[in-house]
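Structure first, then comments.
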Number of protein chains: 2
Amino acid sequence: MLATVLHGKGDIRCEEVAEPKILKPTDAIIKLAASCVCGSDLWPYRGLQPVGGPTHMGHEYCGVVVEVGEDVKTLKPGQFVVGSFCISDNTCPHCRFGFPSSCEQREFMSGAQAPYARIPLADGTLVATPEMPSDDLIASLLAVSDVLGTGWYAADAARVQPGSTAVVVGDGAVGLMGVLSAKQMGAEKIIAMSRHKTRQNLALEYGATHIVSERGDEGVARVKELTGGVGAESVLECVGTQEAMTQAMNCARPGGHIGFVGVPHGVQIDGQTLFFAQKSLMGGPAPVRRYLPYLMELVLNREINPGKVFDLEVPLADVAEGYRAMDERRAIKTLLRV
Amino acid sequence: MLATVLHGKGDIRCEEVAEPKILKPTDAIIKLAASCVCGSDLWPYRGLQPVGGPTHMGHEYCGVVVEVGEDVKTLKPGQFVVGSFCISDNTCPHCRFGFPSSCEQREFMSGAQAPYARIPLADGTLVATPEMPSDDLIASLLAVSDVLGTGWYAADAARVQPGSTAVVVGDGAVGLMGVLSAKQMGAEKIIAMSRHKTRQNLALEYGATHIVSERGDEGVARVKELTGGVGAESVLECVGTQEAMTQAMNCARPGGHIGFVGVPHGVQIDGQTLFFAQKSLMGGPAPVRRYLPYLMELVLNREINPGKVFDLEVPLADVAEGYRAMDERRAIKTLLRV
């Protein structure tokens, strides 16, 4: 089959790879309804994260089960499923504690920018819809798999509460999903930090009440102005750079919470600074599996429309343009037709 | 009056200093019932923290009000009061949010190793007892001022819950108060990491269910053994060194919480390590003022006995021995008779 393979910095291709097969009795094979490019795919694409040879990309997925291993109990061919970018057994102590993204058997999904994909630990990882969803819901169901689940976790880790103030650092797809999530969790004031008009507009559509286009100290000063001089209870850090982390720390009020979901690249936190800042930090790969049933229901009931975050759609064959558009910030997030 | 002055590394003296006076209309002067030496006093005593010239030491205190400034509304001479080591107005947004230790008018108390002390922002900072407490409660009321309040915050920031498992890193006075606090908050399993017999015994008396005397990776391995291989929901870091922070991080389970109250000295946290560890970090100077009414009530009702942490008592004139004994770990915490 044709699928996407990253060969090195800036070199992503659609080329022939082997079709996935059941390797373990707990595996399932799905036919993807759609796939997409993640902001985190840009780290290796930009050469900021090493890759050990050609890598079959993609970790966001939804689609129809076509085959299951003999130990798979809860799924059967023909079901429509959504899974997390973290493979998990959903039974280990970490899963039962609500952190399937730290599952004892955790694997990170790969190879989902393709027509077919193998999903390990299918019983633990996949959640089926009650019936076949209509086509116009596919983009939103795909978003649940990572980008929405990750934005949701940022808001959850930042302990957004009804009536509270949330600041979202980062206007990529995850940041925009953070805005949507904060809104769903009842935040009253949602400040999106964004310099790009199209992203600002989507942030406002998703529930942002204020836009701050300044960055760094100026951005922090604007957030302080908007919060009576005190800062926000909740800050969602959705980038992963030192600059974004510092900005997030400085936007939170003492006793406030920072949920950080951008994979940190070169971020160092000074213990004494964090101590005297008196703000909580919680991050990590999002425990999407925990959120899946609830978020899928919101999508199926058409209460949220996370799929709007896909503002570019290309066939798998044009994946190079899909990555390039995101890299150049011409697109927020690219959906790949498979 | 005679009071303690730190002149440099290892050089603490009891010598004549000026008696405190009302400097601002919001001040009160108290006659101390007792004072004590804090673990944090050992940082400058050991030369690990610079002091800018001779410094009048001491930030833990309780005693009787002898004079109040003209703007003090809620206190009058003759009342017995306990205050926090953080001076706070108790009315600013940070105080109202529960973080008086980040008060907009915060000052750190000093000069309390003395017969008399000036307390700024007296209305905000001090809490009076309903009546004059009996002498045998003075040590415990003094402990509330910092060491118990700080241990309590460690447990609170580590989100100790009824039935949960808590690990306490550090067997100094704060760590032992952390054990007491975790017990009060209903932790079912409390693992105290301690290598010193007298401290182990006090930890057990305060509610520790297990003692781990190993440190570093071995200590972490023992904690894992005691927690079914998963680690603890709550870890109280009560030291402030890189080694202690690393140990704390590794003892917590994914999704668990680390409350850190040892003032970090040279502690660096790698963002990506923290991310993949998926553990929350919350620290800072303890918001003792928030806890004061409740903790004072526990002491006055004789439900807790934090004063037992004072295992050495010397007159103020012998302060040098008081510091030395703690520095050499012959004493857990020194009470100074004033």
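The values are calculated or read from the model by the stated rules, or taken from the named source; none is laboratory data. In this text, all values refer to a predicted model and were calculated from it rather than measured experimentally. FYI the Cβ positions are ideal-geometry reconstructions off the backbone, even for glycines, and counts take in every protein chain you see. Keep in mind that these areas ignore ligands, DNA and RNA; they rest on the heavy atoms of the full protein, side chains included. Shrake-Rupley method; radii C 1.70, N 1.55, O 1.52, S 1.80 Å.
If you go through the range B:161-173 one residue at a time, do you hit one that is within 30 Å of B:V5 (Cα to Cα) and touching a Ser or Thr at 6+ places or on another chain (Cβ under 7 Å)?
yes
Working only within the range A:1-21, note down all residues that are part of a loop (DSSP other than H, G, I, E, B) and open to solvent by 50 Å² or more (accessible area, probe 1.4 Å). Let's see the steps before the verdict.
Taking the range A:1-21 first, the residues part of a loop (DSSP other than H, G, I, E, B) are A:1, A:9-10, A:17-21.
Those that are part of a loop (DSSP other than H, G, I, E, B) and open to solvent by 50 Å² or more (accessible area, probe 1.4 Å): A:K9, A:A18, A:E19, A:K21.
Being surrounded by 21 or more Cβ atoms within 10 Å (Cβ to Cβ), touching a residue at least 12 places away in the same chain (Cβ under 8 Å) and within 12 Å of another protein chain (Cβ to nearest Cβ): is that true of A:C62 here?
Details: surrounded by 21 or more Cβ atoms within 10 Å (Cβ to Cβ): yes; touching a residue at least 12 places away in the same chain (Cβ under 8 Å): yes; within 12 Å of another protein chain (Cβ to nearest Cβ): no.
In short, no.
Does the range A:81-98 contain at least one residue that is more than 14 Å from chain B (Cβ to nearest Cβ), out of contact with any helix residue (DSSP H, G or I) (no Cβ under 7 Å at 6 or more places or on another chain) and not in a loop (DSSP other than H, G, I, E, B)?
Yes, the range A:81-98 contains at least one residue that is more than 14 Å from chain B (Cβ to nearest Cβ), out of contact with any helix residue (DSSP H, G or I) (no Cβ under 7 Å at 6 or more places or on another chain) and not in a loop (DSSP other than H, G, I, E, B).
When you scan the range B:209-299 for strands (runs of 3 or more DSSP E) that lie fully inside it, which ones turn up with 1 or more residues that are of a type in the set (G, A, S) and farther than 24 Å from A:T91 by Cβ?
Numbers: elements: B:210-212, B:232-237, B:252-260, B:268-270, B:280-283.
Counting at least 1 such residues, we get B:252-260, B:280-283.
Tell me, which residue of the range A:212-237 that is within 13 Å of chain B (Cβ to nearest Cβ) and open to solvent by 10 Å² or more (accessible area, probe 1.4 Å) is nearest to the chain's Cα centre (by Cα)? Break it down into steps so the answer makes sense when it comes.
Narrowing the range A:212-237 to residues within 13 Å of chain B (Cβ to nearest Cβ): A:224, A:227-234, A:237.
Those still in the list that are open to solvent by 10 Å² or more (accessible area, probe 1.4 Å) too: A:224, A:227-230, A:233.
Working: A:K224: 28, A:T227: 28, A:G228: 31, A:G229: 31, A:V230: 29, A:E233: 22 Å.
If we take residues in the range A:212-237 being within 13 Å of chain B (Cβ to nearest Cβ) and open to solvent by 10 Å² or more (accessible area, probe 1.4 Å), then A:E233 is nearest to the chain's Cα centre (by Cα).
For A:L312, work out the one condition from (1) under 29 Å from B:P254 (Cα atoms); (2) more than 7 Å from chain B (Cβ to nearest Cβ) it doesn't fulfil.
(1)
Out of all the residues in the range B:274-299, which are more than 10 Å from chain A (Cβ to nearest Cβ) and touching a Leu at 6+ places or on another chain (Cβ under 7 Å)?
Selection gives B:L295, B:M296, B:V299.
Testing A:I258 on (1) within 13 Å of chain B (Cβ to nearest Cβ); (2) within 21 Å of A:Q184 (Cα to Cα); (3) touching a Gly at 6+ places or on another chain (Cβ under 6 Å); (4) open to solvent by less than 50 Å² (accessible area, probe 1.4 Å), one condition comes back false. Which one is that?
(3)
Name the pairs whose Cβ atoms lie under 8 Å apart, with the first residue in the range B:100-121 and on the phi < 0 side of the Ramachandran plot, the second open to solvent by 10 Å² or more (accessible area, probe 1.4 Å) and acidic (D, E), and 6 or more positions between them or separate chains?
These pairs meet every condition: B:C103/B:D89; B:E104/B:D89; B:Q105/B:D89; B:Y116/B:E19; B:P120/B:E107.
Examine the range B:293-307 for a residue that is touching a Phe, Trp or Tyr at 6+ places or on another chain (Cβ under 9 Å), closer than 23 Å to B:G149 by Cβ, buried (at least 24 other Cβ atoms within 10 Å of the Cβ) and assigned by TED's automatic domain parsing to the domain that holds B:C36, and state whether such a residue exists.
Yes, some residue in the range B:293-307 is touching a Phe, Trp or Tyr at 6+ places or on another chain (Cβ under 9 Å), closer than 23 Å to B:G149 by Cβ, buried (at least 24 other Cβ atoms within 10 Å of the Cβ) and assigned by TED's automatic domain parsing to the domain that holds B:C36.
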